[in-house]
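The values are calculated or read from the model by the stated rules, or taken from the named source; none is laboratory data. As the structure is a computational prediction, the values presented were derived from the model and not from experiment. Here the Cβ positions follow ideal geometry from the backbone for every residue, glycine too, while neighbour counts run over all protein chains shown. Please note that ligands, DNA and RNA were not included when accessible areas were found on the heavy atoms of the full protein model with its side chains. Shrake-Rupley method; radii C 1.70, N 1.55, O 1.52, S 1.80 Å.
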Amino acid sequence: MTSMTGGERLVRMLAAESVEVVFGIIDGSYFGLYSTLRDHGIRLVTPRHETSALHMAGAYARLTGRLGVAIASNGPGVANALPGVAVEQGEGNRVLLLTSWRRHQIVGPDRGGTYQYFDQPAVIRPMAKFSEAVPSFDRIPEMFHKALRHSWSGRPGVVHLTIPEDVLNTEFDMTVEDVTPARYRRMQPVGPAAAQVSAAADLLVGAEAPMLHAGSGVLHAHATTELREVAELLHAPVTTSWAARDAIDERLDVAIPMPYSELCDRVRNDADVVLAVGTRFGETDWWGKAPNWRRADSQQLIQVDIDDVLLGMNKPVDIAVQSDAREFLAALAAELRSRDVVPGPARVERLAAYGAARTQARATLDQALATEAAPLHSAQVAGIAQQVCGDDSVLVADGGNTAIWAQLYHQVRQPHSLLSTYKFGMLGAGVAQALGARAARPTATVCCLIGDGAFGFHPLEIETAVRNDLPVIVVVLVDHAWGMVKVNQEFALDAQQLVAEGGLPAEKRINTDLGETRYDTMAQAMGALGFRVDDGAGLRAALGEAIAAQRPAVIHVDVDARAHKFAPSLLTFKAMHAEPAG
């Protein structure tokens with residue numbers, strides 16, 4: 001027999017799951033948990049807001065393929081965490097949230113008037129994959145194991161356990177019966193049936209114009225190598241969902257980068273057979289419908305997903321395969337190699353034509369790069385950041401127009417190198433995502449491009465970066481406005497004047513402008529490096545100095561506010577939210 005708190009019982013199980021980092025703010029309500037993390041080799045990273053803890057854990061999980069863990073204290077701490085739960089569940093990141101609750105005698109249900117209380121598991125349950133309360137010390141292993149089975153089943157997302165503070169902090173006598181994860185959850189990924197792999201190969205080899213479409217399931221399964229191999233064996237183009245843009249090196253002949261929306265539409269309409277892996281064909285994929293995709297009655301679909309509920313959900317399917325993305329793509333690659341597939345000249349010519357169109361689309365976008373003079377054009381920022389930070393860096397994009405400029409002018413050259421909130425568009429998550437990325441990759445350069453509006457949500461996470469020795473670089477594009485909202489508002493108020501004059505006078509606008517804030521000096525006040533620049537040379541120098549110093553840094557970039565409003569593809573983005581025709 002031995003004695004331990006409920007908190008330490010949880011920590012022992014986290015260590016058995018090979019958890020190395022936990023993100024969250026400390027509180028006496030779960031002292032028994034966080035005080036034992038160090039004893040079991042687990043680092044605690046404490047942000048300034050619980051929502052940030054969820055974003056850190058989500059970014060960590062996405063880049064490593066491992067479990068991201070966040071903690072939050074009862075009542076207000078859990079309330080603060082709720083936005084992060086919504087976002088990380090929406091993004092499909094594998095996160096375990098552990099929360100404290102008031103003592104077990106007065107919760108679930110509320111005794112009436114309980115301080116710092118709400119029904120945490122009930123509120124989170126519809127927002128997450130799994131959410132339950134642990135009623136007693138002896139049921140901790142049972143409930144933890146159940147939560148982890150849900151976590152590793154189907155599409156990733158958030159699972160939640162809440163534990164009363166007296167269970168977490170009281171020592172109990174117990175016989176230690178630690179079990180390995182293999183004894184309570186499936187460890188091997190779900191693989192496809194051999195007949196399904198063979199049938200998929202038949203369709204793809206026999207197709208006139210096959211294509212692949214990758215969703216974020218490819219990234220969660222770390223199947224990017226297999227995706228590339230299948231595409232190159234078939235000589236077939238690859239499009240991606242927004243959330244899976246960094247599934248493939250965009251310099252490859254088979255890559256059709258997401259920013260070239262017209263070319264993506266062309267490829268998707270040319271294809272007679274589609275292999276879709278790890279995607280739901282959601283709204284930002286136009287639901288898989290015409291006119292952005294070929295009509296389903298003349299296009300065959302092989303859909304592969306770890307969650308069989310998603311198969312055929314938004315687009316009619318011909319071969320539905322429940323499988324881990326990596327397992328399926330590896331099996332398909334082996335099948336194609338065994339057949340010694342030789343692409344015909346039509347496929348070679350088609351890829352060459354797509355390559356020429358890709359070059360033309362890039363040239364059109366690059367017209368905005370004519371000058372690096374002050375004030376800097378927003379189109380310049382992502383390219384300069386990539387040149388200085390290197391192809392193996394991690395880029396985080398956050399904001400409205402800033403995120404669009406960043407996405408369109410950054411080129412993915414390494415898989416697993418791009419983070420954002422693609423399905424939620426959550427302003428303010430970017431700095432925390434950058435911190436989670438740096439925790440996941442301690443030697444990588446991590447650069448967050450963020451708008452001044454988005455940065456205002458959680459600027460104190462720069463202090464978190466300093467205190468936790470997470471040297472990220474945050475580049476704030478300053479246009480002193482809610483830029484995307486501003487241009488849409490001006491379009492609604494007076495489109496003719498907007499086009500003719502580039503904007504409306506202040507008296508016509510409705511609360512779109514932000515005040516002057518020196519983000520560089522704000523960073524310096526928190527112990528980080530701070531720079532203010534307004535041209536390309538200044539940005540290059542600041543990035544270089546920050547990388548050399550290996551300290552957290554904020555670079556305040558004064559961008560051309562008028563040009564910043566007119567981000568490319570805004571009309572495409574708006575059209576995406578209307579139901580396609582067919």
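Would you kindly state how much longer the chain becomes between ASP173 and LYS508 on full extension, computed as 0.36 nm times their sequence separation minus their alpha carbon distance, in nm to one decimal?
Numbers: separation 335, 0.36 × 335 = 120.60 nm, distance 6.94 nm.
Between ASP173 and LYS508, full extension yields an extra 113.7 nm.
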Legend entry - Chain lengthening between ALA549 and LEU571 when straightened (0.36 nm per residue, less Cα-Cα): 3.8 nm
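Based on the mean of other beta carbon atoms within 10 Å per residue, what is the order of 191-197, 212-218, most packed first? Don't skip to the answer; put the middle values down first.
Values: 191-197: 16.1, 212-218: 28.3.
Descending packing order for the listed peptides: 212-218, 191-197.
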Legend entry - Rounded accessible area of ARG125 (nearest 10 Å², 1.4 Å probe): 100 Å²
Legend entry - Cα centroid separation, region 404-450 to region 357-374 (Å): 22 Å
Inset, instruction - Would you calculate a helix-derived [θ] at 222 nm for the chain, using -39,500 (n - 2.57) for each DSSP H run of n ≥ 4 and dividing by the full residue count, to the nearest 500? - result: -12000 deg cm²/dmol
Legend entry - Solvent-accessible area, 1.4 Å probe, carbon plus sulfur percent, for region 4-109: 48 percent
Legend entry - Whole-angstrom gap from region 180-199 to region 463-495, using each part's C-alpha centre: 43 Å
Legend entry - Separation in nanometres of the label points that stand 7 Å from Cα toward Cβ, at ALA320 and ILE106: 5.0 nm
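Considering only protein heavy atoms and a 1.4 Å probe, what is the carbon-and-sulfur percentage of the accessible area of region 372-486? Before the final figure, lay out the partial values.
Details: 1690 of 3060 Å².
Summing carbon and sulfur atoms, their accessible area is 55 percent of the total for region 372-486.
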Inset, instruction - In Å and from the alpha-carbon atoms only, list the Rg and Dmax of region 354-499. - result: 16.2, 50
Inset, instruction - Would you calculate the separation in nanometres between label points at ARG339 and MET313, each defined as 7 Å from the Cα along the Cα-to-beta-carbon direction? - result: 2.9 nm
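When a/c is below 1.5 the answer is rounded, else prolate if a/b is larger than b/c, else oblate, so apply that to region 115-164 with a ≥ b ≥ c taken from the square roots of the Cα gyration tensor eigenvalues.
Numbers: a/c = 3.54, a/b = 1.22, b/c = 2.90.
It comes out oblate by the Cα gyration axes.
From the cross-link list LYS289/LYS423; LYS315/LYS423; LYS129/LYS423; LYS129/LYS574; LYS486/LYS508, which pairs have alpha carbons spaced over 21 Å apart?
Numbers: LYS289/LYS423 18 Å; LYS315/LYS423 19 Å; LYS129/LYS423 17 Å; LYS129/LYS574 30 Å; LYS486/LYS508 11 Å.
The pairs that break the limit, which is 21 Å between Cα atoms, are LYS129/LYS574.
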Legend entry - Percent accessible area from carbon and sulfur atoms, region 517-574, protein chains only, probe 1.4 Å: 56 percent
Legend entry - Gain in span if fully extended, GLU232 to GLN524, counting 0.36 nm per residue against the direct Cα distance: 100.2 nm
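What number comes out for accessible area per residue over region 473-530 if the probe is 1.4 Å? Units Å², please. Don't skip to the answer; put the middle values down first.
Details: 2860 Å² over 58 residues.
Here the residues of region 473-530 average 49 Å² of exposed surface.
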Legend entry - When the convex hull of its Cα atoms is projected in every direction, mean area for the chain (nm²): 28.0 nm²
Legend entry - Proximal aspartates and glutamates relative to LYS565, as straight alpha-carbon distance under 14 Å, when same-chain residues fewer than 8 apart are discounted: ASP452, ASP479, GLU490, GLU501, ASP513
Legend entry - P(r), alpha carbons of region 452-535 - 10 Å bins starting at zero, rounded %: 16, 38, 25, 16, 6, 0
Inset, instruction - Whole number in Å², please: accessible area per residue of region 1-62, 1.4 Å probe, ligands, DNA and RNA not counted. - result: 34 Å²
Legend entry - Whether region 388-471 is rounded, prolate or oblate, judged on the alpha carbon gyration tensor where a/c under 1.5 counts as rounded: oblate
Legend entry - Accessible solvent surface per residue of region 201-317, calculated while the other protein chains remain in place, 1.4 angstrom probe, Å²: 32 Å²
Legend entry - Distance (nanometres) between label positions extended 7 Å along Cα→Cβ at PHE31 and ALA346: 7.4 nm
Inset, instruction - Would you mind telling me the antiparallel percentage of the DSSP bridges in the chain, rounded to 5? - result: 5 percent
Inset, instruction - Distance between Cα centroids, region 90-167 to region 537-574: provide it in whole Å. - result: 40 Å
Inset, instruction - Using a/c under 1.5 as the rounded threshold, could you call region 349-421 rounded, prolate or oblate? The axes a ≥ b ≥ c are square roots of the C-alpha gyration tensor eigenvalues, and prolate needs a/b larger than b/c, oblate otherwise. - result: oblate
